[in-house]
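Just below is one structure, and these are the notes that go with it.
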Amino acid sequence: MSVQPATPALTARDYKSTVKPVWCPGCGDYSVLSAITKALTELALPPQDVAVISGIGCSSRIPAYLNTYGFHGVHGRATALATGLKLSRPELTVLVTGGDGDGFSIGGNHFLHACRRNVDMTYIVMDNRVYGMTKGQPSPTTEPDWDSALAPGGTGLRPFNPLVIALASGANFIARGFAGDPNGSAKVIAEAIRNPGFSFVEILSPCVTFRPDQREWKQKVHAAPVVPTEDIGRAARRLMTDDGYNMGVLYIGHREPFRLDSKADAAPPQDLERQFVV
Ligand SMILES: Cc1ncc(C[n+]2csc(CCOP(=O)(O)OP(=O)(O)O)c2C)c(N)n1
Ligand code: SF4
């Protein structure tokens, strides 16, 4: 009887590509990349079974730095791309990565409908409350009084609360992490991937270049004082009164994820294409 050599266990390094990140030194996105590779290692997912989809922005560069399948797509369209992918290739573990501008501004409508559709994927938003890549414009999560050369005196606009919107729109799992705690973020991401349906993880990821004030986040973040709730009413109250710095899993839902039925699943894409030939 031949003895098969044992497959060596995957390490975080196995999920990293050879492309060197070009983020500014100190950018929170380095830690989020590390948290994602740690989470994939914990789940022992073969890199070829994972696809990471993004839009455009500094944070959206993540797929290039991973050794999984990846798609660096169109600004604001990452969840739509990921929905199509997951429905046609349900065996893949699908992650979506991007920024607050990408996901909540130009991609805001797609965000709502991704939550509503509840297709099984994990959406990780590196929220730095600014458009980093295009040099510091305020985003939907920017504080109203954040003063900058591009918005002197601040926008005066009420910030968008992504966790509340995710809950109201049907997300099946809601959590928050902090780039300064990659191990804590990795645990949250692993749990989000394990939970079926649309999982939303906001990771506070400082933009050290345009928001140096975010270095204070280290002092502001704290573990959520209560365990995750499965009660949507309680989650709504908790998220509406949240101070924005509660870390951990905040809501776990039990909605059945949306899947294509087996008949649609069985139809090869060529058959579908034929129906549209004019
Ligand atoms: C359709 C379209 N509109 C605008 C842009 C310009 N653009 C590129 S990235 C970006 C914002 C990025 O901000 P965010 O998503 O918060 O990511 P960050 O760079 O902060 O990680 C914008 C407006 C674009 N690439 N495509
Ligand atoms: S501009 Fe901001 S978000 Fe972009 S790489 Fe630099 S620190 Fe990171």
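The values are calculated or read from the model by the stated rules, or taken from the named source; none is laboratory data. In this text, all values refer to a predicted model and were calculated from it rather than measured experimentally. Neighbour counts are summed over all protein chains in view; Cβ atoms, including those assigned to glycine, are modelled from backbone coordinates with ideal geometry. For the accessible areas, the whole protein counts, side chains as well, though only heavy atoms, and no ligand, DNA or RNA atoms are used. Shrake-Rupley method; radii C 1.70, N 1.55, O 1.52, S 1.80 Å.
Of note:
- Members of segment 168-181 that are touching a helix residue (DSSP H, G or I) at 6+ places or on another chain (Cβ under 6 Å) and closer than 25 Å to GLY107 by Cβ: SER169, GLY170, ALA171, PHE173, ILE174, ALA175, GLY177, ALA179
- Considering residues of segment 240-261 that are hydrophobic (A, V, I, L, M, F, W, C) and modelled with pLDDT of 95 or more only, the residue most open to solvent (accessible area, probe 1.4 Å): MET240
- Criterion violated by SER59 - all others in (1) closer than 13 Å to MET126 by Cβ; (2) away from ligand 1 (no atom under 11 Å from the Cβ); (3) in contact (Cβ under 8 Å) with a residue 60 or more places away in the chain satisfied: (2)
- Long-range neighbours under 7 Å by Cβ, at least six apart or interchain, first residue without any contact (Cβ under 8 Å) to a residue 24 or more places away in the chain within segment 133-152, second within 13 Å of ligand 2 (Cβ to nearest atom) and among the charged types (D, E, K, R): THR142/ARG129; GLU143/ARG129
- Exclusive hit being part of a helix (DSSP H, G or I), open to solvent by 60 Å² or more (accessible area, probe 1.4 Å), at pLDDT 95 or above and away from ligand 2 (no atom under 16 Å from the Cβ), set GLU42, GLU91: GLU42
- Extreme residue, nearest to ligand 1 (Cβ to nearest atom), among residues of segment 75-92 that are out of contact with any helix residue (DSSP H, G or I) (no Cβ under 6 Å at 6 or more places or on another chain) and of a type in the set (S, T, N, Q): THR83
- Restricted to segment 14-33, and to residues there that are within 14 Å of the chain's Cα centre (by Cα) and under 24 Å from LEU81 (Cα atoms), the residue that is nearest to ligand 1 (Cβ to nearest atom) is ASP29.
- Filtered by the rule that a residue be surrounded by fewer than 24 Cβ atoms within 10 Å (Cβ to Cβ) and either among the acidic types (Asp, Glu) or under 12 Å from the mean Cα position of the chain (by Cα) (or both), segment 164-185 gives a lone residue, ASP181.
- Failed criterion for GLY55 (all others in (1) over 18 Å from PHE111 (Cβ atoms); (2) in contact with a Gly (Cβ under 8 Å, 6 or more places away or on another chain); (3) within 16 Å of ligand 2 (Cβ to nearest atom) hold): (1)
- Considered as a group, the residues in segment 195-236 that are within 21 Å of the chain's Cα centre (by Cα), closer than 16 Å to GLY180 by Cβ and open to solvent by 60 Å² or more (accessible area, probe 1.4 Å) include one that is nearest to ligand 1 (Cβ to nearest atom), and that residue is LYS218.
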